[in-house]
Structure formats: structure tokens, C-alpha cells
Amino acid sequence: MSWRKPPRVNFEEQAEYRWPFWKLGLEEDDLFGDLYERFNTAPLFIQDPDAFHHDVNEIARQSLDKEDFYSRLQRRRDQRLDELKDMQDKIGVFHLSGYTRLTPNQRFHRLRLQRYASLDCLVAFCASLLSPNEQGMMPSLGQHLPKFRTAQGPKRAPQGSSY
């Protein structure tokens, strides 16, 4: 499930998205069609456990049978997802209108998250919120994975930077 629809691509005008589909007996549009749905999406929790329990409890009390229960849950799921999408859009408008304490780098990652709603963008946005520690060292996932460490060692934040 994604918050956004897959991109619409004109392969004639956007050559960067061309790929050798014919070798595999596929169609060019499969890139952001079936392939995108099957291999580039993952389930994402819509609500925290307490909120989900509240909805299930409320709907179970109103439902006549299992079929009615599932139908009502599906409608509530769609409602909650629409609420999330709407709130994300409203927060994005506030950010664009100057109601933000984000640095330009953080705003960039926030806008990418709004546009693409991918896990990659979510991780990049969360990482942009991290700041140097007391010694001025920037966080690095590599510091926890010795085999990925570079010879340069951990990065230091530039003087006066506001990561």
C-alpha cells in the first residue's frame, strides 16, 4: 500500500526510464504497473495498536456478522488512509508556507517524502533530523557496521552547520 500512485511516465520523453522489457516478454508500462506494485510496495501500518483496537472494537459492536464486520473495517481503513493522505498534504502546505523550523536540507527531504512517499525517502528524512553529538561527529550507520567503515573514520560536522 502506498500513499501515492506510481509515477506516470512518458517513455518517449523520459528516456531515463527506458529498460529492456522486450527481452523478458513484458510491456514497457509494466515498470510502474505490475512490477512496481509487486516489487516496490510493502504494507505499512496505518494506525498504532491502540487506535486500531479502538476502531475494531467500535466496529465489532456495530456489526451484524463477519461479512458486515469486514466490510465496515475496509471502509474505516480507507477513511483512515484518506485522513493520513490529507494530513500529509496539509502539513506539506504549512512547510511550503514558511511554518517550519527545518533546515533547507531537511525541507528537501521532507518534500521528497511528500512527493514519493517511499521508505527510502522516509529514512532520508529521518536521517536529516539527526545532529552531531557532543564531540561534533555526525551519525553514520557505518559506525555500527565495521565491515562498511571507511578509512576516513566518522565525519565531523562543519563549524557553524545546523544539521
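Can you pull out the residues in segment 21-64 that are at pLDDT below 95, not in a helix (DSSP H, G or I) and not charged (D, E, K, R)?
Listed by number, the residues that qualify are GLY33, ASN40, THR41, ALA42, PRO43, LEU44, PHE45, ILE46, GLN47.
Hey, any hits in segment 10-29 for a residue that's loosely packed, with under 13 Cβ neighbours inside 10 Å and either assigned by TED's automatic domain parsing to the domain that holds ASP86 or closer than 27 Å to ASP78 by Cα (or both)?
No; the residues of segment 10-29 include none that is loosely packed, with under 13 Cβ neighbours inside 10 Å and either assigned by TED's automatic domain parsing to the domain that holds ASP86 or closer than 27 Å to ASP78 by Cα (or both).
Pairs only if they're at least six apart or on different chains, beta carbon under 7 angstrom, first in segment 93-112 and free of Cβ contacts under 8 Å to residues at least 60 places away in the same chain and within 11 Å of PHE125 (Cβ to Cβ), second hydrophobic (A, V, I, L, M, F, W, C) and in a loop (DSSP other than H, G, I, E, B); list them, first residue then second.
Within 7 Å, the pairs are GLN106/LEU129; ARG110/LEU102.
The values are calculated or read from the model by the stated rules, or taken from the named source; none is laboratory data. Remember, predicted model here, so these are calculated numbers, not experimental data. For neighbour counting, all protein chains shown are included, and Cβ atoms are generated from backbone atoms with ideal geometry for every residue, glycine included.
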